[in-house]
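Enquirer: Supplied in structure tokens, the structure appears directly below.
No value in this document is a laboratory result; all are computed from the given coordinates. Here the structure is a predicted model, which means the values were calculated and not measured. Note that each Cβ is placed from the backbone with ideal geometry, even for glycine, and that neighbours are counted across all protein chains shown.
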Amino acid sequence: MKKKIFITRKPPEHVLNNLQKIFEVDIWNSEDTEIPRDELLHIIHKFDGLLCLLTESIDEELLDKGRNLKVISNLAVGYNNICIEEATSRGIMVTNTPGVLTETTADLTFALMLAASRRIVEASHALREGKWRTWSPMFMTGMDVHGSTLGIIGLGEIGAAVARRAKGFNMKLMYYSRSRKPEFEAELDIEYADLHTVLQTSDYVCILTPFTKDTKNLITMKELKLMKNTAILINTARGGILNEMDLIQALSEGIIWGAGLDVYEQEPLPLDHPLLQFPNVVTLPHIGSASIQTRTKMWELAAKNITLALQGKTPPNLVN
Ligand code: DGY
């Protein structure tokens, strides 16, 4: 008898076809709406495997209902939506999709840095709103990226990929991470420092650390006050690492110069959110890994992980 899996969003055709050859597959047949929580809770007991997104909270309640689950394959590198301890204590494997999204997420991080520093979105709006009356010397002037100092918080694969791009812009590189990364220090000429020094010294600070109980609220008003008032903060990791209320206050008081954000404490970001009022904040809808090529690879990797796990093999991206 075929094992049963549930997929919480509509996968690409070829991924679905391949999975259907091996498993009995049920899907939430939508590209852009979430399966209601109650519905997932109601059906999850039927499945051996779950392929889910960061929009699903895989907590104790869901794991209690999913008594037949053997694997949860997350379509993301981050897995803060899954209670790993609860899954592990039930013997459920959890997998993620690292590697395939590294370069794409680094591209977007760099794009946010350029967009926020050179006021790309604001300038484009200004043109469309008829505010471009003549070439004027200080119109839409921003901050230089080339030759400035970049501080990376969390030097993993994505952080290193951002640092490689920054070298092409002749930036000075610093980082703060839980542990030192000698391999990246040697390759990238990137200097390790404590968090305070990185914040005080950098013109750009990129948050690229996983969201865990240790990194929740890593950046609050206290840390923002250490930054230069000409500095720009970029977050393409997870919203809760940066305290949004404190960021709003820091922006209002000119404590930092601007920000580029792809992730938020609450997603989707409500349209009346104060962060959307700042012209000096570039706000994107969590699209760090959103290239067609990369999202396809993420689906393929998530499918591989769930397949191997249910075939009794060790999936390549086991996190517990
Ligand atoms: C991740 O993978 O964790 C991103 O946030 C979505 O690609």
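Enquirer: Quick one: Karplus J couplings for the range 161-171, per residue in order, coefficients 6.51, -1.76, 1.60, θ = phi - 60°, nearest Hz, x for Gly and Pro?
Expert: After applying 6.51 cos²θ - 1.76 cosθ + 1.60, I find 5, 5, 4, 4, 5, 5, 4, x, 9, 6, 8 Hz.
Enquirer: If amide hydrogens are placed 1.01 Å from N in the peptide plane, which non-local residues have theirs closer than 5 Å to the one on G260?
Expert: Under 5 Å from the amide H of G260: L233, I234, N235, V282.
Enquirer: Next up: Highest GNM mean-square fluctuation, the chain, Cα pairs closer than 10 Å: which of I82, I35, I190?
Expert: I35
Enquirer: Quote the charge dipole size of the chain about the Cα centre in Debye, to the nearest 20; the model charges only the Cβ of Lys and Arg (+1) and of Asp and Glu (-1).
Expert: In debye, rounded to 20, the chain gives about 640.
Enquirer: Right, here's the next one. Let me test this: with uniform point scatterers at the alpha carbons of the range 30-78, what is the Debye-based log₁₀ I(q)/I(0) at q = 0.15, 0.20 1/Å?
Expert: Debye intensities relative to I(0), on a log10 scale: -0.37, -0.66.
Enquirer: Turning to a different aspect of this structure: Using θ = phi - 60° and the Karplus form 6.51 cos²θ - 1.76 cosθ + 1.60, what ³J(HN,Hα) does each residue of the range 249-256 get, whole Hz, x for Gly and Pro?
Expert: Taking θ as phi minus 60°, the curve returns 5, 5, 5, 4, 8, x, 5, 10 Hz for the range 249-256.
Enquirer: Rounded to the nearest 500, what is the chain's calculated 222 nm mean residue ellipticity when only DSSP H runs of at least 4 contribute -39500 (n - 2.57) each, over all residues?
Expert: -10000 deg cm²/dmol
Enquirer: Over the chain, calculate the relative contact order: mean separation of alpha carbon pairs under 8 Å at least 6 apart, over the residue count, as a percent.
Expert: 18 percent
Enquirer: Next question, about the same structure. Return a whole-number percent for the relative contact order of the range 1-137, with Cα pairs under 8 Å and 6 or more residues apart as the contact set.
Expert: It comes to 18 percent, rounded to a whole number.
Enquirer: Quote the FRET efficiency, to the nearest 0.05, computed for H125 versus I292 with a Förster distance R0 of 30 Å and r equal to the Cβ-Cβ distance.
Expert: According to the calculation, E is roughly 0.65.
Enquirer: Next question, about the same structure. Hey, got the dipole for the range 102-283? About the Cα centre, +1 on K and R Cβ, -1 on D and E Cβ, debye to the nearest 20?
Expert: For this selection, approximately 340 debye.
Enquirer: With an 8 Å cut-off on Cα pairs and a minimum separation of 6 or more residues, tell me the relative contact order of the range 102-283 in percent.
Expert: RCO, the range 102-283: 21 percent.
Enquirer: How do Y79, Y192 line up, fewest other C-beta atoms within 10 Å first?
Expert: Starting with the residue having the fewest Cβ neighbours, the order is Y192, Y79.
Enquirer: Using amide H atoms built in the peptide plane, which far-off residues or other-chain residues are under 5 Å from I7 H to H?
Expert: Sorted by chain and number, the residues that satisfy this are D26, I27, W28, L51.
Enquirer: Using the Kirkwood formula on the Cα atoms of the range 102-283, what hydrodynamic radius do you get, in angstrom to one decimal?
Expert: For the range 102-283, inverting the mean 1/r across all distinct Cα pairs yields 16.6 Å.
Enquirer: Taking the range 207-285 on its own, what percent of its Cα-Cα pair distances exceed 22 Å?
Expert: Considering the range 207-285, 14 percent of its Cα-Cα pairs are separated by more than 22 Å.
Enquirer: Moving on. Using DSSP, restrict attention to beta bridges with both residues in the chain and report what percent are antiparallel, rounded to the nearest 5.
Expert: 5 percent
Enquirer: Something else now. Over the alpha-carbon set of the chain, divide Rg by the Kirkwood Rh and report the Rg/Rh ratio to two decimals.
Expert: For the chain, the value is 1.01.
Enquirer: Give a residue-ordered list of calculated ³J(HN,Hα) values for the range 147-160 (Karplus: 6.51 cos²θ - 1.76 cosθ + 1.60, θ = phi - 60°; whole Hz; x for Gly, Pro).
Expert: So the Karplus estimates, Gly and Pro as x, are x, 8, 9, 10, x, 9, 9, x, 9, x, 4, 5, x, 5 Hz.
Enquirer: Which one of Q266, H196, T102 is farthest out on the positive end of the charge dipole of the chain, using unit charges on Cβ (Lys, Arg +1; Asp, Glu -1) and the Cα centre as origin?
Expert: Of the options given, the answer is T102.
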